[in-house]
Amino acid sequence: MGLTKEQIISELKAIVSEDQIITDEQVLKENSVDRFRKYETIHGVYTQPLPAAVVKVKSEQEVSDLLKYMNENNINAVPRTGGSATEGGLETVVENSLVIDGSAMNEIVSIDEYDMLATVKCGVPLEELEDKLREQGLTTGHSPQSKPLAQMGGLVATRSIGQLSTLYGGIEDMVIGVEAVFPNGEITKIKNIPRRAAGPDIRHVIIGNEGALCYITEVTVKVFQYKPENNQYYGYLLDDMKSGFEILREVMVQGYRPSVARLYDPEDAADHFDFAKGKCVLIFMAEGPKSIAEATGKAIEDIVAEFAESERVESSLIQNWFENLNWDPSKVSEERQEIKETNNIGFTTEVSGSWGVINDIYERCIKRVREEIPHITMLGGHSSHSYMNGTNMYFVYYYDLVDIKPEEEITKYHYPINKIIVEETIAAGGSMVHHHGVGKHRTPWIKDEYGSSYYILETLKKAFDPNGIMNKGTIFPKEDE
Ligand SMILES: Cc1cc2nc3c(=O)[nH]c(=O)nc-3n(C[C@H](O)[C@H](O)[C@H](O)COP(=O)(O)OP(=O)(O)OC[C@H]3O[C@@H](n4cnc5c(N)ncnc54)[C@H](O)[C@@H]3O)c2cc1C
């Protein structure tokens with residue numbers, strides 16, 4: 001028999017001060033979900049068990065004391081920072097969970113311009129860090145579309161990636177050192193060094209754990225020189241995705257590293273660009289030192305000319321589009337209002353695959369969703385992160401909600417679409433999740449995703465969270481699933 005809500009709240013007061021314990025019902029409701037259930041929440045419907053409280057932690061020591069208490073009393077912990085999660089990672093799936101909110105741990109600890117490092121606490125919003133760095137001519141190079149919403153702990157916990165990833169990499173390429181607290185209360189800090197060969201890289205136990213192994217309290221990322229005056233923008237209209245994938249591949253394989261490399265299919269392009277004319281849109285941005293940006297830009301022009309019939313788009317249109325791409329809280333509110341008024345909703349599912357299979361994944365997913373799912377009003381996608389060996393595909397889909405209660409939206413539309421995309425991708429040898437994280441809604445496929453290497457992942461869970469208190473149902477299926 002677990003502790004009651006009243007017992008938990010009373011005992012919490014010995015760990016943190018009373019003003020750090022939030023029990024307001026509306027706050028608890030909002031903290032029981034994330035954007036995966038946005039349709040339910042727009043209608044004021046909350047289907048998940050409410051947490052006993054949200055605890056606003058202020059230090060790693062508080063996180064340690066709290067987790068130790070929760071571990072000893074078998075209380076589920078849901079770590080949270082910016083709250084921009086999209087895959088159910090923030091859902092409180094068992095009664096009397098505690099949401100550990102790190103957004104008050106918001107200190108920029110240091111910026112070291114000589115060793116090119118920035119150290120921040122987990123609740124620092126990325127945009128705040130980035131603005132501060134830019135004042136000093138520096139940048140993290142990290143630019144997810146959720147930059148105005150997300151905070152550093154969540155960005156590291158989800159293995160996030162930004163729009164400039166082809167040059168700067170994903171967050172896993174940026175994290176130099178990290179501090180985290182494990183459920184037994186152990187506070188561990190991985191030191192800042194450029195590289196070492198002293199065994200496995202233990203940063204990767206922490207990066208991407210989605211709150212299912214430990215709580216991230218501090219992060220050190222590398223920083224780069226910021227030279228926006230050298231940015232070059234390129235846009236092209238193409239007839240088909242296959243040629244676009246070939247161009248992306250050639251740019252990567254020849255060794256060029258534009259910061260942005262994106263390919264939109266006609267439906268997705270029509271949603272973003274007035275100039276698309278029903279075609280695919282291919283976009284590049286080159287940046288860095290002037291000579292490198294120029295050489296990269298020149299190579300892109302040559303490769304595009306060699307590989308496909310295309311029409312060049314004016315650079316200023318691409319620059320203007322890029323500068324207005326991010327989502328701030330006002331855009332989230334506008335979206336909610338629009339869904340309410342139109343009863344039409346959009347979601348995304350991002351996957352990845354090698355060059356040899358990505359076009360097949362794209363075509364098969366589009367075909368099956370179109371054939372099998374009712375009331376689709378828009379279905380398309382884009383590739384936005386390319387590598388030497390392949391690229392990602394970010395599917396975007398909208399549907400009208402017909403004859404359903406708010407809580408039926410997921411089972412009638414969202415799950416079946418996700419299922420098609422995930423299963424087709426895994427069958428083709430790709431990965432079912434490129435950057436949003438597994439959350440709670442792709443766990444049914446986690447064993448298929450990993451195959452025999454699931455042994456390693458599962459062993460981490462058993463070793464670091466033997467009582468299974470860390471974000472139950474995230475990455476690892478709940479025992480009853
Ligand atoms: C409009 C929009 C655009 C987006 N664009 C991108 C994009 O371009 N690239 C991208 O990668 N993602 C994107 N996302 C997804 C989301 O922003 C990222 O997953 C982001 O990293 C989440 O950060 P957060 O601070 O909001 O974390 P939260 O939403 O608070 O949490 C996310 C997950 O991490 C865990 N977690 C949070 N903090 C900690 C911590 N301190 N320790 C351990 N675990 C923790 C949570 O339990 C949860 O599972 C987008 C989301 C939205 C809404």
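The values are calculated or read from the model by the stated rules, or taken from the named source; none is laboratory data. Just so it is clear, the structure is predicted and the values come from calculations on it, not from any experiment. Ideal geometry is used to build each Cβ from the backbone, glycine not excepted, and the neighbour counts take in all protein chains shown.
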Query raised in the report: Being more than 24 Å from K478 (Cβ to Cβ) and either within 14 Å of the ligand (Cβ to nearest atom) or modelled with pLDDT under 95 (or both), is that true of even one residue in region 48-57?
Result: yes
Query - Filter result for G170 (surrounded by fewer than 22 Cβ atoms within 10 Å (Cβ to Cβ), near the ligand (Cβ under 10 Å from one of its atoms) and at pLDDT 95 or above) - result: yes
Report task. Taking R312 as the residue in question, decide whether it is among the basic types (K, R), buried (at least 17 other Cβ atoms within 10 Å of the Cβ), modelled with pLDDT of 95 or more and outside the structural domain of G83 (by TED's automatic domain parsing). Result -> no
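Within the group V78, V45, which residue is in contact with a Pro (Cβ under 9 Å, 6 or more places away or on another chain), outside any helix (DSSP H, G or I) and surrounded by fewer than 24 Cβ atoms within 10 Å (Cβ to Cβ)?
Working: V78 fails: surrounded by fewer than 24 Cβ atoms within 10 Å (Cβ to Cβ).
That would be V45, the only listed residue that is in contact with a Pro (Cβ under 9 Å, 6 or more places away or on another chain), outside any helix (DSSP H, G or I) and surrounded by fewer than 24 Cβ atoms within 10 Å (Cβ to Cβ).
Would you tally the residues in region 428-481 being under 15 Å from T349 (Cβ atoms) and either small (G, A, S) or modelled with pLDDT under 95 (or both)?
Residues of region 428-481 under 15 Å from T349 (Cβ atoms): 428, 430-445, 449.
If we keep only those that are either small (G, A, S) or modelled with pLDDT under 95 (or both) as well, we get 428, 430-431, 437, 439.
So the answer is 5.
A quick yes/no check of all residues on (1) assigned to a strand (DSSP E or B); (2) away from the ligand (no atom under 12 Å from the Cβ); (3) among the hydroxyl-bearing types (S, T, Y); (4) closer than 22 Å to K68 by Cα:
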{"position": "N184", "(1), (2), (3), (4)": "no, yes, no, yes"}
{"position": "N192", "(1), (2), (3), (4)": "no, yes, no, no"}
{"position": "D201", "(1), (2), (3), (4)": "no, yes, no, no"}
{"position": "H204", "(1), (2), (3), (4)": "no, yes, no, no"}
{"position": "N209", "(1), (2), (3), (4)": "no, no, no, yes"}
{"position": "T220", "(1), (2), (3), (4)": "yes, yes, yes, no"}
Query raised in the report: Just for region 48-75: of the residues that are of a type in the set (S, T, N, Q) and assigned to a helix (DSSP H, G or I), which one is surrounded by the fewest Cβ atoms within 10 Å (Cβ to Cβ)?
Result: Q61
Report task. Tell me the strands (runs of 3 or more DSSP E) entirely within region 224-310 that contain at least 2 residues that are over 21 Å from G390 (Cα atoms) and touching a residue at least 40 places away in the same chain (Cβ under 8 Å). Result -> 232-238
Query - Positions within region 142-159 being near the ligand (Cβ under 8 Å from one of its atoms) and over 23 Å from S333 (Cα atoms), in sequence order - result: G153, V156, A157, T158, R159
Report summary line: By residue number, the members of region 172-212 that are touching a Gly at 6+ places or on another chain (Cβ under 8 Å) and either more than 18 Å from V223 (Cβ to Cβ) or among the hydrophobic types (A, V, I, L, M, F, W, C) (or both) are M174, K189, I190, I193, G208, E210, G211
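Mind counting the residues in region 116-141 that are more than 9 Å from the ligand (Cβ to nearest atom) and in contact (Cβ under 8 Å) with a residue 60 or more places away in the chain? Spell out how you get there, then give the answer.
From region 116-141, those more than 9 Å from the ligand (Cβ to nearest atom) are 116-121, 124, 127-141; that's our starting set.
Okay, now just the ones that are also in contact (Cβ under 8 Å) with a residue 60 or more places away in the chain, so 116-121, 133-134, 137-141.
Number of matching residues: 13.
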Query raised in the report: Of the numbered conditions (1) in contact (Cβ under 8 Å) with a residue 60 or more places away in the chain; (2) among the β-branched types (V, I, T); (3) not assigned by TED's automatic domain parsing to the domain that holds D131, I15 satisfies every one except a single condition; which is it?
Result: (1)
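Would it be correct to say that G185 is of a type outside the set (A, V, I, L, M, F, W, C) and over 16 Å from the mean Cα position of the chain (by Cα)? Before you say what the answer is, go through the steps one by one.
Details: of a type outside the set (A, V, I, L, M, F, W, C): yes; over 16 Å from the mean Cα position of the chain (by Cα): yes.
So G185 fits the description; yes.
Of the residues T459, T474, which single one is polar (S, T, N, Q) and touching a Ser or Thr at 6+ places or on another chain (Cβ under 9 Å)?
Exactly one of T459, T474 is polar (S, T, N, Q) and touching a Ser or Thr at 6+ places or on another chain (Cβ under 9 Å), namely T474.
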Query - Matching strands (runs of 3 or more DSSP E) fully within region 88-176 where at least 2 residues are farther than 24 Å from T474 by Cβ - result: 108-112, 117-121
